[in-house]
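Notes follow once the structure below has been shown.
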Amino acid sequence: MISATELLAEYRAGRVSPVEATKDALARIDELNGSLNAFCLVDAERALASAAESEQRWRRGEPAGLLDGVPVSVKDLLLTRGWPTLRGSHSIDPDQLWDVDAPSVARLREHHAVIIGKTTTPELGWKGVTDNPLTGVTRNPWDPTRTSGGSSGGAAVAVAAGMGTISLGTDGGGSVRIPASFSGVFGIKPTYGLVPIYPASPFGTLSHVGPLSWTVADAALALDVLSGVDGRDWSAGPRPTGSFAAAASAGNVAGMRIGFSPALGYVSVDPEVAALVASAVEVFTELGAVVSMADPGFADPVDAFHVLWFSGAAASTAALSAEQRARLDPGLREVCAQGAGFSALDYLEATATRAALGKTMGEFHERYDLLVTPTIPIPAFEAGIESPDGGRWTGWTPFTYPFNMTQQPAATVPCGFTSAGLPVGLQVVGPRHADARVLAACAAFERARPWQSTLP
């Protein structure tokens, strides 16, 4: 496995070409996608043509952009010009004009990344595992009987299995962090508005776009590409003044005040996961941070999250015919029915809960530079089911969705393996707009506890 930053260094030295790197990624897809199901669309011809153009630029010593020639993939919720974006659903007609790029995809093209294809998602991105009626089940590269997580499951598996270096995901309740944790890769949900979104998500301002990658440096480089203004997104923030890649390179936690909350005050955590996370947190102390046990002090906001999330699901399917609705994922049909029953007052009350949660976390970060928690309280479970206990996916993701409600940057770094050989993730959360701080801390942890030597 080779990272994007390493690939760029090889291109610069003339030891590897973009065509070779792209062929390697395509060969991995040919070898593994049949069993893992990470990609729902691969366009080898277009990818190799793009790689050949990049190769010529590198030979002339004229690379164009920060990702010139780097093989990447895009989650099939993000519009990608020339390819259908079917969102894992029979309800979307593939035979229409696909002539628009989402802002994040447009930025990849501007920096001449080689876009190999589209990665799998649950139908309309509605849940924290990745299976859908259109393309089936996406499986964990460490144990294909287990789930990859979701909803950016294909993106995480693509990176973990070497099918490209960086993949774009979306995260509305943990959808970058959940599969990154289960698949043993790095993933970050940036501050809301850092990466513009178009069209607007039916889940509103819960939904973020963020990268998954083999290293922290790769994700930081990707955020340098993806961040900034796009006129189609009225809620996007200004382009950052500093470099995320530079922040990751200089990663240092010495003197940082870090609050460690092993259970947020209300979560039941698998003992193996708890032990691995507690051991990982000791690394920050060894690196000079001041680590204290600290719960932020909020109750589980799951009921408010359900109002916001299920209402968005209902809105996303409101125009479907009875025939189309009958072909939806049964779980999606259930939450859409529930979401359609909420009133405007219910939605406003949930929004008020969200605002109070944001205030609580804002005050927490006046005392602590970062919050660290487990990413997921359990290891990856059986593939093809929503939850190991028969409930909704939110029942086993209590560490992730609160920070979509608050719009804070939150990342997951691999921090070890269970006795069954399944990856476990450590979540690092920062105050809004402190993405560089989160990346710096994750990079410092990565240097102290590198995970890339262990492959699925």
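Values quoted throughout were computed directly from the atomic coordinates according to the rules given, and no laboratory measurement underlies them. Nothing here was measured: the structure is a model prediction, and the numbers come from that model. Virtual Cβ from ideal backbone geometry, glycine too; neighbours counted across all protein chains shown.
Pull out the extension gain between ARG109 and GLU286, defined as 0.36 nm times the separation in residues minus the alpha carbon to alpha carbon distance; nm, one decimal.
59.6 nm
Using per-residue counts of other Cβ atoms within 10 Å, averaged over each peptide, order 417-426, 189-198, 329-338, 113-122 from highest down.
Ranked by mean Cβ neighbours within 10 Å, highest first: 113-122, 189-198, 417-426, 329-338.
Considering Cα pairs under 8 angstrom that are at least six residues apart, work out the relative contact order of segment 4-448 and quote it in whole percent.
17 percent
Count neighbours as other Cβ atoms within 10 Å of each site's Cβ, and list the chymotrypsin sites (Phe, Trp or Tyr not before Pro) in segment 197-239 that are DSSP loop with at most 11 such neighbours.
Qualifying residues, ordered by number: TRP234.
When Lys and Arg each count +1 and Asp and Glu each count -1, what net charge do the other residues less than 15 Å away from GLY237, Cβ to Cβ, add up to?
Net local charge, GLY237 excluded: +1.
Using DSSP, restrict attention to beta bridges with both residues in the chain and report what percent are antiparallel, rounded to the nearest 5.
In the chain, approximately 65 percent of DSSP beta bridges are antiparallel ones.
If you take the beta carbon distance between SER235 and TRP98 as r and set R0 to 35 Å, what does 1/(1 + (r/R0)^6) give as a FRET efficiency, to the nearest 0.05?
Rounded to the nearest 0.05, the efficiency is 0.90.
Among HIS112, THR135, THR80, whose Cα projects farthest towards the positive end of the dipole of the chain, with charges put on the beta-carbon of Lys, Arg (+1) and Asp, Glu (-1)?
Farthest towards the positive end: HIS112.
Give me the net charge of ALA340's neighbourhood, meaning all other residues with Cβ under 14 Å from the Cβ of ALA340; Lys, Arg count +1, Asp, Glu -1.
Every neighbour counted, the sum reads 0.
Report, by chain and number, residues whose modeled amide H sits under 5 Å from the one on PHE260, excluding near sequence neighbours (fewer than 5 apart, same chain).
SER292, MET293, ALA294, VAL372
Scan around ARG146 for amide H atoms under 5 Å from its own, H built in the peptide plane at 1.01 Å from N, and keep only partners 5 or more places away or cross-chain.
ASN140, ALA383
Considering every Cα-Cα pair within segment 4-448, what fraction, in whole percent, is farther apart than 40 Å?
Every Cα pair in segment 4-448 considered, those over 40 Å come to 11 percent.
Spelling out what I want: for every residue of segment 133-138, take phi, set θ = phi - 60°, compute 6.51 cos²θ - 1.76 cosθ + 1.60 (Karplus), and round to whole Hz; glycine and proline get x.
Coupling constants for segment 133-138: x, 8, 10, x, 9, 9 Hz.
Which loop-located trypsin sites (Lys or Arg not before Pro) does segment 1-30 contain, where loop means any DSSP state but H, G, I, E or B and the Cβ has at most 10 other Cβ atoms within 10 Å?
ARG15
Give a residue-ordered list of calculated ³J(HN,Hα) values for segment 318-326 (Karplus: 6.51 cos²θ - 1.76 cosθ + 1.60, θ = phi - 60°; whole Hz; x for Gly, Pro).
Residue by residue, segment 318-326 yields 4, 8, 6, 6, 4, 5, 5, 4, 5 Hz.
Between ALA315 and ARG81, what is the label-to-label distance in nm when each label sits 7 Å out along the Cα-to-Cβ direction?
For ALA315 paired with ARG81, the spin-label model returns 2.8 nm.
Tell me, how many Å apart are the Cα centres for segment 87-128 and for segment 171-217?
Answer, in whole Å: 14.
Based only on Cα atoms, what Rg/Rh ratio does segment 44-89 have, Rh being taken as Kirkwood's radius?
Ratio value, two decimals: 1.09.
Charges only on Cβ, +1 for Lys and Arg, -1 for Asp and Glu: so what's the dipole of the chain about the Cα centre, in debye to the nearest 20?
Using Cβ point charges on Lys, Arg, Asp and Glu, the chain gives about 580 debye.
If you take every residue apart from GLN96 with its C-beta less than 14 Å away from the C-beta of GLN96, what net charge results, scoring Lys and Arg +1 and Asp and Glu -1?
Cβ neighbours under 14 Å give a net charge of -1.
ARG447 to ASP389: extension gain in nm, 0.36 nm per residue of separation minus the Cα-Cα distance?
My answer for the length gained is 17.2 nm.
Given points 7 Å out from each Cα along the Cα-Cβ axis, report the ARG12 to ALA355 separation in nanometres with one decimal.
Taking the simple label geometry, ARG12 and ALA355 are separated by 4.9 nm.
Please list, in chain and number order, the residues 5+ apart from VAL114 or on another chain whose amide H is under 5 Å from its amide H, with Hs placed from the backbone.
Amide H to amide H, under 5 Å and 5 or more residues apart or across chains, VAL114 pairs with GLY69, VAL70, VAL72.
With just the Cα atoms defining each centre, how far is segment 343-389 from segment 241-290? Give it in Å.
So the two Cα centres are separated by 18 Å.
Extension gain ASP346-ARG327, at 0.36 nm per residue separation less the Cα-Cα distance, in nm?
Full-extension gain reported as 4.0 nm.
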